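The values are calculated or read from the model by the stated rules, or taken from the named source; none is laboratory data. These numbers come from a predicted model, not from an experiment. All Cβ positions, even for glycine, are placed from backbone atoms using ideal geometry, and neighbour counts span all protein chains on display.
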Amino acid sequence: MADDLRTDLLIGGTWREAVDGDRMEVHDPATEEVIATVASAGSVDARAAAETAAEAQPGWAATAPRERAEVLRRAWALMTERADDLAALITRENGKVRAEARGEVAYAAEFLRWFSEEAVRLSGEVTTAPAGTNRILVLRQPVGVAYLVTPWNFPAAMATRKIGPALAAGCSVVLKPASLTPLTALAIGGILQEAGVPDGVVNVVPGRSASTVTAAVLEHPAVRKLSFTGSTGVGKLLLEQAARRVLKTSMELGGNAPFIVLADADLDAAVEGAMLAKMRHNGETCTAANRFYVEAPVAEDFTRRLAEAMGRVRMGHGLDEGVGLGPLVDAATRDKVRDLVDAAVGHGAHPVVGGTPGEGPGFWYPATVLEGVAPDSPILAEEIFGPVAPIVAVADAEEAVAQANDTPLGLVSYLFTGDLRRGLALAERLEAGMVGLNRGLVSDPAAPFGGVKESGLGREGGHEGLLDYTEAKYVATEW
Ligand code: NAP
């Protein structure tokens, strides 16, 4: 690993050991080898991070928006300059292949550039009260200290998607990255420091006990916002905790994305979109296509073409040339994928390609296509988080939409059709925060990312992403 690897806590501009925690190991999921040990915060460290963020917040809020913007812009430039090193770090701790990791760094850096541009475009409004007696002034003010909790699947992008808008709005932050992938978040902390973020404005506290760190940060009176990306189960727990102090919350939670292919779709485009929606980051994304509903007349053709494309993907260490699929992040993730596939096969599904886990060391599961999946198979109801495409043939678009909406989750839906007018009408009926219409990728820093139903609250990215770190203040004014 590089000599300048950051492995300590970043609190108040200082890199330091945990005071009441210890150190935790980080592993390469391709080899299961320990690649680093990282300071693991305890509650004293977490409180110290919240306190230093609280001290730094008023000064940062008072800093000119242009200056805040320029810090973010410098951080974007530094991330872009160091893209290769950061990508290698992501591959080492997360497993995704180098090209995907490069893509993530570009995506992650772009949030910093986008929000550097948004920082100077935060406007309020002035209107005349309907009674004509006074003016209604609405100001947008930073919400205060924000506590950010991120998952392992995008260790860079989930951090910058929160830090970018928080800093642009004038909030200071405490970031708790996933314990499987703390190295990338610490590296980003270092980059922000180099870019000129004042001490205490960005604090990074990995910790093996997420609940200990979270409880200590959330009880600090200056913390006014919780932004979480992760599973719906943990999101619900955190909403309960946030309710105790009536915190403003953003929740980016799990998905169960349907991928609908209608008979009039361009099948080449649908397969290309499916490969992107399914295989991006080993299938370990909240936006991963989780269930394929294909109109019966094209189901066999689509299945064959997708299986051919999936069968061509080479599995191996993400740093090796020509590899398109890395290891899954840990044994639990691999075992979940294996169990879901085995249960689907037990219910009558047939693996057209793949279907058997690889040998260790490393957590391997090959690209897999399942046909003939029974409607009550658990694989259609749970997030697979692996490179498996279960295919269900449906009679028509009505059945596809009904099945697609038959879930408590609603992050993203994909729809492929040759008739754009019909596609837009169906997109309106899909219960999801986002729809990929003839497109297998929706993520874009300039767009409002987020889910409906149990997939979340609030939006990240776009202009909405900035507003989620502000409060509206109304001043009733006479002049
Ligand atoms: P997770 O288990 O919910 O963990 C996410 C984060 O929460 C980690 O930092 C974790 O820390 C922390 N955490 C876990 N239990 C906690 C607790 N009791 N109190 C406070 N914090 C706690 O999710 P994951 O497995 O890392 O990520 C996969 C999930 O994230 C999937 O469901 C995926 O769909 C979702 N996701 C959603 C989006 C989106 O934008 N909607 C994006 C990416 C991922 P530790 O690592 O230390 O346990």
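Brief remarks on what is shown
- Per the listing Ala270, Ala274, the residue uniquely touching a helix residue (DSSP H, G or I) at 6+ places or on another chain (Cβ under 6 Å) and away from the ligand (no atom under 15 Å from the Cβ) is Ala274.
- You will find that of Thr127, Thr160, Thr214, Thr133, the residue that is among the hydroxyl-bearing types (Ser, Thr, Tyr), out of contact with any Phe, Trp or Tyr (no Cβ under 6 Å at 6 or more places or on another chain) and within 16 Å of the ligand (Cβ to nearest atom) is Thr214 and no other.
- Test: residue in the stretch 257-265 that is aliphatic (A, V, I, L, M) and either under 17 Å from the mean Cα position of the chain (by Cα) or at pLDDT below 95 (or both): yes
Yes/no matrix, rows are residues, columns are (1) farther than 14 Å from Pro182 by Cβ; (2) at pLDDT 95 or above; (3) aromatic (Phe, Trp, Tyr):
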| residue | (1), (2), (3) |
| --- | --- |
| Ala2 | yes, no, no |
| Glu32 | yes, yes, no |
| Thr37 | no, yes, no |
| Gln57 | yes, yes, no |
| Val71 | yes, yes, no |
| Asp84 | yes, yes, no |
| Ala88 | yes, yes, no |
| Arg92 | no, yes, no |
| Glu110 | yes, yes, no |
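- Positions within the stretch 287-296 being in contact with a Gly (Cβ under 9 Å, 6 or more places away or on another chain) and over 14 Å from Glu104 (Cβ atoms), in sequence order: Ala288, Ala289, Asn290
- Checked against (1) within 21 Å of Glu398 (Cα to Cα); (2) more than 12 Å from the ligand (Cβ to nearest atom); (3) not acidic (Asp, Glu), Gly433 passes all but condition (2).
For every residue, the table says whether it meets (1) within 16 Å of the ligand (Cβ to nearest atom); (2) of a type outside the set (Asp, Glu); (3) more than 29 Å from Ser227 (Cβ to Cβ); (4) assigned to a strand (DSSP E or B).
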{"site": "Gly355", "(1), (2), (3), (4)": "no, yes, yes, no"}
{"site": "Gly360", "(1), (2), (3), (4)": "no, yes, yes, no"}
{"site": "Val392", "(1), (2), (3), (4)": "no, yes, yes, yes"}
{"site": "Glu399", "(1), (2), (3), (4)": "no, no, yes, no"}
{"site": "Thr407", "(1), (2), (3), (4)": "yes, yes, no, no"}
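- For the stretch 96-146, the set of residues classified as charged (D, E, K, R), more than 30 Å from Tyr365 (Cα to Cα) and not in a loop (DSSP other than H, G, I, E, B) consists of Glu110, Arg113, Glu117, Glu118, Glu125, Arg135, Arg140, listed by residue number.
- Count - residues of the stretch 245-267 that are more than 30 Å from Ala331 (Cα to Cα), surrounded by fewer than 24 Cβ atoms within 10 Å (Cβ to Cβ) and either within 16 Å of the ligand (Cβ to nearest atom) or touching a residue at least 60 places away in the same chain (Cβ under 8 Å) (or both): 8
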